[in-house]
Amino acid sequence: MVEIMTTNRRLGLTLTILAGFVLGIQIGQGQTQSRPQRSSQQALTLILEGAKKQLTNPAQYSQTYYRIAYPGGDVPSDRGACTDVIIRAFRNAGYDLQKLVHEDAGRRNYPAIGRRRDSNIDHRRCRNLIVWFRAHAAELSLRTDGKHIENFRPGHVVFWKLPNGLDHVGIVSDKKNRRGVPYVIHNIWQTAEEDVLLSYRLVAHFRFPR
């Protein structure tokens, strides 16, 4: 009888340890897929790094709708729209905008999302990203005159309205032109680092994390 009780206690202890171990793994995975604990500067550095990595094998611009995995899904690496530059750069820092936007759209109004959320495309639309950034990032000044241009720091996210009325987005680079205006990594024909910050009408400027 004593031996049976001892065995049961050992079994119970083993199961408790295993349950704690599994829970720890799940929590760790959740942090990786949502919001890792990083300082703002660490995150910005990794975001910029993720954007620059995309310059090695530039993706050709494509607005094609793809069915992708969730979470962590991505379109083919040689294809992408302007928003895919942001998505891939943020993943380099551990932030999955696909998951973050999809979950947030269940809690607040996203005008560009209909009655049913679609994890294949919702996070790939500029209007949806602007809603998410306004809720979770620091929205900064759009002024570019004088020293205000210095407020556009590497890793920041900027949105424009193009002359044809379409939305566009890119990531501020650490490279600058002779006037001190930073280049932007974006995809309007293919992923590129170009001197275009002041080429289009700026409509939003964010720093994430706040």
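Restricting the search to segment 119-152, which residues are part of a loop (DSSP other than H, G, I, E, B), free of Cβ contacts under 8 Å to residues at least 60 places away in the same chain and more than 13 Å from the chain's Cα centre (by Cα)? Walk me through it before giving the result.
Quick first cut of segment 119-152, residues part of a loop (DSSP other than H, G, I, E, B) only: 119-121, 125, 137, 140-145, 152.
Subsequent filtering for residues that are free of Cβ contacts under 8 Å to residues at least 60 places away in the same chain retains 119-121, 125, 143-145, 152.
Result: Ser119, Asn120, Ile121, Arg143, Thr144, Asp145, Phe152.
Checking the condition in the same structural domain as Trp160 (by TED's automatic domain parsing), in contact with a Leu (Cβ under 8 Å, 6 or more places away or on another chain) and of a type in the set (S, T, N, Q), which residue from Thr64, Thr83, Thr45 passes?
Numbers: Thr64 fails: in contact with a Leu (Cβ under 8 Å, 6 or more places away or on another chain); Thr45 fails: in contact with a Leu (Cβ under 8 Å, 6 or more places away or on another chain).
Exactly one residue qualifies, and that residue is Thr83.
Before we move on, is Asp145 surrounded by 14 or more Cβ atoms within 10 Å (Cβ to Cβ), of a type in the set (Asp, Glu), assigned by TED's automatic domain parsing to the domain that holds Leu48 and modelled with pLDDT of 95 or more? If you could, list the steps in order and put the result at the bottom.
Numbers: surrounded by 14 or more Cβ atoms within 10 Å (Cβ to Cβ): no; of a type in the set (Asp, Glu): yes; assigned by TED's automatic domain parsing to the domain that holds Leu48: yes; modelled with pLDDT of 95 or more: yes.
Answer is no for this residue.
Here are Ser34, Ser62: which of them is among the hydroxyl-bearing types (Ser, Thr, Tyr), surrounded by 14 or more Cβ atoms within 10 Å (Cβ to Cβ) and at pLDDT below 90? Outline the logic, then answer.
On the way: Ser62 fails: at pLDDT below 90.
Just one listed residue meets the conditions, Ser34.
Report the residue count in segment 168-210 for those that are among the polar types (S, T, N, Q), surrounded by fewer than 23 Cβ atoms within 10 Å (Cβ to Cβ) and part of a strand (DSSP E or B).
Our first condition is that a residue be among the polar types (S, T, N, Q); within segment 168-210, this holds for 173, 177, 187, 190-191, 199.
After this cut, where a residue has to be surrounded by fewer than 23 Cβ atoms within 10 Å (Cβ to Cβ) as well, the list is 177, 190, 199.
Still in the list and also part of a strand (DSSP E or B): 190.
Matching residues across segment 168-210 total 1.
What is the one condition in (1) assigned to a loop (DSSP other than H, G, I, E, B); (2) more than 19 Å from Val196 (Cα to Cα) that Gly165 does not satisfy?
For Gly165, the failing item is (2).
Based on what the data block shows, is Phe159 more than 19 Å from Asp74 (Cα to Cα) and part of a helix (DSSP H, G or I)? So that I can check it myself, show each step before the final result.
Working: more than 19 Å from Asp74 (Cα to Cα): yes; part of a helix (DSSP H, G or I): no.
Considered against the rule, which asks whether it is more than 19 Å from Asp74 (Cα to Cα) and part of a helix (DSSP H, G or I), Phe159 comes out as no.
Which condition from (1) surrounded by 20 or more Cβ atoms within 10 Å (Cβ to Cβ); (2) free of Cβ contacts under 8 Å to residues at least 40 places away in the same chain is the one that Ala89 breaks?
Failing condition for Ala89: (2).
Select, from Gly94, Gly73, Gly80, the only residue that is closer than 18 Å to Arg35 by Cβ, within 17 Å of the chain's Cα centre (by Cα) and at pLDDT 95 or above. Spell out the reasoning first.
Numbers: Gly73 fails: closer than 18 Å to Arg35 by Cβ; Gly80 fails: closer than 18 Å to Arg35 by Cβ.
When all the criteria are applied, what remains is Gly94.
The values are calculated or read from the model by the stated rules, or taken from the named source; none is laboratory data. Fair warning: this is a prediction, and the values are worked out from it, not measured in the lab. When we count neighbours, we look across all protein chains shown, and the Cβ atoms used for this are built from the backbone with ideal geometry, even at glycine.
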